[in-house]
Every structure is written in C-alpha cells, then in structure tokens.
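Undergrad: Okay, here's the structure, questions in a sec.
We did not get these values from a lab; they are worked out from the coordinates using the rules stated. Computed from a predicted model, the values in this text were never measured in an experiment. With ideal geometry, Cβ positions are generated from the backbone for all residues, glycine too; neighbour counts draw on all protein chains shown.
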Amino acid sequence: MEEKQSSLLHKISKVISDFFNPLVSLIIFFVYMSTREYSLQESLLYFVPVLLMIIAPVIIWLVWNVKTGRYTNMDVSNRVQRKTLYIFIAACVMIYLIYNYIKNGYIDLVMLFILILLFALQVSNFFIKSSMHTAFNIFVAALFFGLNWAMGLAWLGIAILVGITRIILKRHTVKEVFMGAGIAFMVSFIYLYCNIQFQH
C-alpha cells in the first residue's frame, strides 16, 4: 500500500514538474501579460519574435541534444551537460534583446532579468547544481506580482510545489532547490525594484 502511495506521489510530482518547466511557465506569463496589456495585434508583434528567437530554438536544441545523446533528458539534470544549455539560452536571449532594442528602441526588462537569472545560475552551477525549475518559477511569480499581486502569490505557491516535486523526483537535493530559490529571490527583488522605478 505504501509503495502504491509513493508511486502515485511520484506520478503526480512528475506531472507537476514536467508541466511547470521554465519554458511553459514563461509562456503562460507572456500570454497573460499580452492579453492584459496589449491588443491582439500588439500581442502577436511582441510574442512572435520571442517565440522565433528564444522558445522555438531552445525546444529544438533540447530535443536535438536528447536525441543525439548529448543530454540525458529534457530536464538536463546533469551538471556538466547544463553548461552548454545555459550558454545556448543566454545567446538566444541576447539576440532577442539586441533585435528588440534596434527595432523598438528600448531594453526589454523581463528578458534582461531572464539573462541575469541565467548568468547567476550558470555561476552557481560551478559550485552547486541549482534547481532551474524552482528558480524560474519564483522569477515568474515575481513577473506576475508586477502585474497582479494575487497572481504573484498564487504562482509563488506553484513555485514552492515545483521545488518539492524536484526533491521527490530526486532531480535535486534540498540544498540545490534552496540555492535555486535563493538566487531567484535575489534577482526577482532587483527586478521588482527596477520595475517600480521604471513605472514612476
């Protein structure tokens, strides 16, 4: 009976962990932000470049590396394998930031802080394999918080849940989840501070 319960817990944890991966969580935020802040045409003008320059290339990169055996899984749980993933995502985000600045004449604050978060996680990866799932979901909670405090708090609950699932699935230790959370809280705090400054 206990084994059945633990396997059910494992299955539920896997569903939560797989669904709320960094890419999906960010897409949910971008869709929410677009529908709230922009018209449909403006939303598409904002989202399509993000999709073509960041989301699609990262998904293709992940699938290709898993298929060719360079990455063990789509989570890229291996610390050594993670290095190239961070570099690739950062390169995609930088290309988008440059494109957006040239086209629209401003720095996309959200993307800039995603880059900062990636850089911080990359640095921590030399010492400890911080949980990317936990870090990104906490940052997404901060993004939501900037628009709607209730959504931000709800997503923080999701981030905590995701952190717990990473430990249950043995993808990360408690220390690695706390490290990812700590980095994300620092980056999120600076993002929210900058976001308030820009709005005034």
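Undergrad: Considering each residue of the range 164-176, count those that are buried (at least 18 other Cβ atoms within 10 Å of the Cβ) and either under 18 Å from Phe126 (Cβ atoms) or in contact with a Phe, Trp or Tyr (Cβ under 8 Å, 6 or more places away or on another chain) (or both), and give that number.
TA: Number satisfying all stated conditions: 2.
Undergrad: Going through the range 112-135 one residue at a time, which ones are without any contact (Cβ under 8 Å) to a residue 24 or more places away in the chain and assigned to a helix (DSSP H, G or I)?
TA: Our first condition is that a residue be without any contact (Cβ under 8 Å) to a residue 24 or more places away in the chain; within the range 112-135, this holds for 112, 123, 126-127.
Hits for the range 112-135 are Leu112, Val123.
Undergrad: All but one of (1) more than 18 Å from Val24 (Cβ to Cβ); (2) without any contact (Cβ under 8 Å) to a residue 24 or more places away in the chain; (3) not basic (Lys, Arg) hold for Ala56, so report the exception by its number.
TA: (1)
Undergrad: Scanning for something part of a loop (DSSP other than H, G, I, E, B) and under 30 Å from Lys170 (Cα atoms), does the range 57-69 turn up at least one residue?
TA: There is at least one residue in the range 57-69 that is part of a loop (DSSP other than H, G, I, E, B) and under 30 Å from Lys170 (Cα atoms).
Undergrad: Does Gly146 satisfy the condition of being crowded, with 16+ Cβ neighbours inside 10 Å, assigned to a helix (DSSP H, G or I) and of a type in the set (Gly, Ala, Ser)? Reasoning before the result, please.
TA: Working: crowded, with 16+ Cβ neighbours inside 10 Å: yes; assigned to a helix (DSSP H, G or I): yes; of a type in the set (Gly, Ala, Ser): yes.
Yes; evaluated as a whole, the condition is true for this residue.
Undergrad: For the range 16-36, which positions are without any contact (Cβ under 8 Å) to a residue 60 or more places away in the chain and over 17 Å from the mean Cα position of the chain (by Cα)? Quick ask: steps written out before the conclusion?
TA: To start, the set of residues in the range 16-36 that are without any contact (Cβ under 8 Å) to a residue 60 or more places away in the chain comprises 18-19, 23-24, 27, 30-31, 34-35.
Across the range 16-36, the qualifying residues are Ser34, Thr35.
Undergrad: While we're looking at this one, here's another question. How many residues does the range 149-163 hold that are farther than 17 Å from Lys129 by Cβ and either part of a loop (DSSP other than H, G, I, E, B) or of a type in the set (Val, Ile, Thr) (or both)?
TA: Just the residues of the range 149-163 that are farther than 17 Å from Lys129 by Cβ, to begin with: 149-161.
Then keep just the ones that are either part of a loop (DSSP other than H, G, I, E, B) or of a type in the set (Val, Ile, Thr) (or both); that gives 158, 160.
Residues meeting the conditions: 2.
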